[in-house]
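Enquirer: Please read through the structure below; I'll follow up with questions.
The values are calculated or read from the model by the stated rules, or taken from the named source; none is laboratory data. Not measured: the values here are computed from a predicted model. As a convention, Cβ positions derive from the backbone with ideal geometry for all residues, glycine included, and neighbour counts pool all protein chains shown. Heavy atoms of the whole protein, side chains included, go into the accessibility calculation; ligands, DNA and RNA do not. Shrake-Rupley method; radii C 1.70, N 1.55, O 1.52, S 1.80 Å.
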Amino acid sequence: MTKILIVEDELLIAQGLARKLVKMDYHVVGIVSSGRDAIRHVDDDPPDVILMDIVIKGDIDGIETARQIQSRNNIPIIYLTAYADDETLERAEQTGSYGYILKPFKEREIHAAIKMALKKHQEALALQASLSAIQSLSDEKSRQLAIAAHDFRNPLSTIRMSAEILQDYGESLDAERQTECFERIQGAVSTMNNLLEDILVLSHTEAATYELCPQQVDIVAFFEDMIHQFALAIQNTHHIQLDAPQSCPIVILDERLLQHIVLNLLSNAIKYSPSGGTIHLDVTHEQDRLTLSISDPGIGIPDEDQHLLFQRFKRASNVGEIQGTGLGLSIVHQAVELHGGEIQVESKVGIGTRFTVILPCDDALA
């Protein structure tokens, strides 16, 4: 039942109104005669609708009472009045009035005013929720752009510095130093390209516009090529060990999404193993599924952070000054879900982390 509070200083009028409301199956939660009592009642037991007389007892009238209630509680208020001049009506409108009921009260008018107020209130709540969602989405997009801009600065600085060295000292540099500058530029370009790809994939998957593109993938050749690409970019302190049987068949998968999965997991394994060491990439194929496991000897992930790993912009509490966007694992998770697969994580702080991805797939020759 709709709960209604009556604010009316004429007791007989209030009681008559209450009887009409009860007859129409409304629940009258109280009758008060002053603004202060109305505010206290709303704080203690908020009703669904307030019927507010404009002229009431106390130091504040019904319009001021409504203003104070609205500043603390989002409750539709319908004014009760025998008459009102233009100035009073204008004051009432400024409080966001949901309507007026003229004295003497008629049941049909009361019922209609309450129904309209409730409908208008629900529409206002829905609009507010939509605006909040739009604002949250806008804030999220702004945050993504800010993080992307921040992450572009480092590779851009690398390109600029290497280009300046080649421009100013190119003729005096030996071949090895020139090659080093070119490789830095190529690595920075690759980093920027990967970041752009991540952002594009994330935006498409969020908008449900990404179309899965299954194609034939030579598993062994694919992973060997990925390892070779990383070997050109990482320092000598890290080594990637691939363990994949040579008998792995050609399977049907979305190669682009598979690249995002492997790229982000390997990048994280290297990034969060600042002391170096061996990154193990184990690949197995059984019947209609491909399983890949990437483990590192890095800093590990605290237990309390592991359930947040696949949310955008969420990073473990122990990453310290290690830079990152918090987008990589979110992209991995969505890419795995698009394949209908699953991802698991095992991690211990100070020991390392293992991610296991299981992807359903068909053999190309099946």
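Enquirer: Just give me the residues in the stretch 5-40 being of a type outside the set (D, E, K, R), farther than 23 Å from Arg91 by Cα and touching a residue at least 24 places away in the same chain (Cβ under 8 Å), in sequence order. Spell out the reasoning first.
Expert: Filtering the stretch 5-40 for residues of a type outside the set (D, E, K, R) gives 5-7, 11-18, 21-22, 24, 26-35, 38-39.
Applying the additional criterion that residues be farther than 23 Å from Arg91 by Cα yields 11-18, 21-22, 24, 26-31.
If the condition is that a residue be of a type outside the set (D, E, K, R), farther than 23 Å from Arg91 by Cα and touching a residue at least 24 places away in the same chain (Cβ under 8 Å), then Ile13, Gly16, Leu17, Leu21, Met24, Tyr26, His27, Val28, Val29, Gly30, Ile31 are the ones that fit.
Enquirer: With the condition being more than 24 Å from Ala124 (Cα to Cα) and not β-branched (Val, Ile, Thr), I'd like the helices (runs of 4 or more DSSP H) fully within the stretch 1-108 carrying at least 3 qualifying residues. Don't jump to the end; show me each part of the working.
Expert: Numbers: elements: 11-23, 35-44, 62-72, 86-94.
Those helices (runs of 4 or more DSSP H) span 11-23, 35-44.
Enquirer: Also: Hey, any hits in the stretch 305-314 for a residue that's assigned to a strand (DSSP E or B), modelled with pLDDT under 95 and among the hydrophobic types (A, V, I, L, M, F, W, C)?
Expert: no
Enquirer: Within the stretch 320-333, does at least one residue satisfy the condition of being at pLDDT 95 or above, more than 25 Å from Asp218 (Cα to Cα) and of a type in the set (Asp, Glu)? If you could, list the steps in order and put the result at the bottom.
Expert: Going residue by residue through the stretch 320-333, those that are at pLDDT 95 or above are none.
For the stretch 320-333, residues at pLDDT 95 or above, more than 25 Å from Asp218 (Cα to Cα) and of a type in the set (Asp, Glu): absent.
Enquirer: Also, quick follow-up: Name the pairs whose Cβ atoms lie under 6 Å apart, with the first residue in the stretch 303-323 and surrounded by 12 or more Cβ atoms within 10 Å (Cβ to Cβ), the second of a type in the set (Ser, Thr, Tyr) and assigned to a loop (DSSP other than H, G, I, E, B), and 6 or more positions between them or separate chains?
Expert: Close Cβ pairs (under 6 Å, with a partner that is of a type in the set (Ser, Thr, Tyr) and assigned to a loop (DSSP other than H, G, I, E, B)) amount to Asp305/Ser317.
Enquirer: State all residues of the stretch 270-299 that are under 25 Å from Thr191 (Cβ atoms), in a loop (DSSP other than H, G, I, E, B) and in contact (Cβ under 8 Å) with a residue 40 or more places away in the chain; if no residue qualifies, say none.
Expert: Tyr272, Ser273, Pro274, Gly276, Pro297, Gly298, Ile299
Enquirer: Further question: Just checking, how many residues over the stretch 178-192 are open to solvent by less than 70 Å² (accessible area, probe 1.4 Å) and either modelled with pLDDT under 85 or in contact with a His (Cβ under 9 Å, 6 or more places away or on another chain) (or both)?
Expert: 4
Enquirer: Let me ask you something else. Of all residues in the stretch 129-153, count the ones that are modelled with pLDDT under 85, more than 30 Å from Ala188 (Cβ to Cβ) and not hydrophobic (A, V, I, L, M, F, W, C).
Expert: 4
Enquirer: How many of the residues making up the stretch 334-366 are of a type in the set (Lys, Arg) and either at pLDDT below 95 or exposed (fewer than 14 other Cβ atoms within 10 Å of the Cβ) (or both)?
Expert: The total comes to 1.
Enquirer: Hey, among Val32, Val7, Val42, Val49, which residue is more than 20 Å from Leu118 (Cα to Cα) and touching a helix residue (DSSP H, G or I) at 6+ places or on another chain (Cβ under 7 Å)?
Expert: Details: Val7 fails: more than 20 Å from Leu118 (Cα to Cα); Val42 fails: more than 20 Å from Leu118 (Cα to Cα); Val49 fails: more than 20 Å from Leu118 (Cα to Cα).
None of the other options fit; the residue is Val32.
Residues checked against (1) more than 23 Å from Gly352 (Cβ to Cβ); (2) surrounded by 15 or more Cβ atoms within 10 Å (Cβ to Cβ); (3) touching a Phe, Trp or Tyr at 6+ places or on another chain (Cβ under 9 Å); (4) without any contact (Cβ under 8 Å) to a residue 60 or more places away in the chain:
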site	(1), (2), (3), (4)
Phe230	no, yes, no, yes
Asn236	no, no, no, yes
Asp243	no, no, no, yes
Ser247	yes, no, no, yes
Leu258	yes, yes, yes, no
Val262	no, yes, yes, yes
Leu265	no, yes, yes, no
Asn268	no, yes, yes, no
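Enquirer: Restricting to the stretch 271-290, name every residue that is open to solvent by 30 Å² or more (accessible area, probe 1.4 Å) and over 22 Å from Ile234 (Cα atoms).
Expert: Result: Thr284, His285, Glu286, Gln287, Asp288, Arg289.
Enquirer: Give Ile219, Ile165 a once-over and let me know the one that is among the hydrophobic types (A, V, I, L, M, F, W, C), farther than 27 Å from Glu337 by Cβ and at pLDDT 75 or above.
Expert: Ile165
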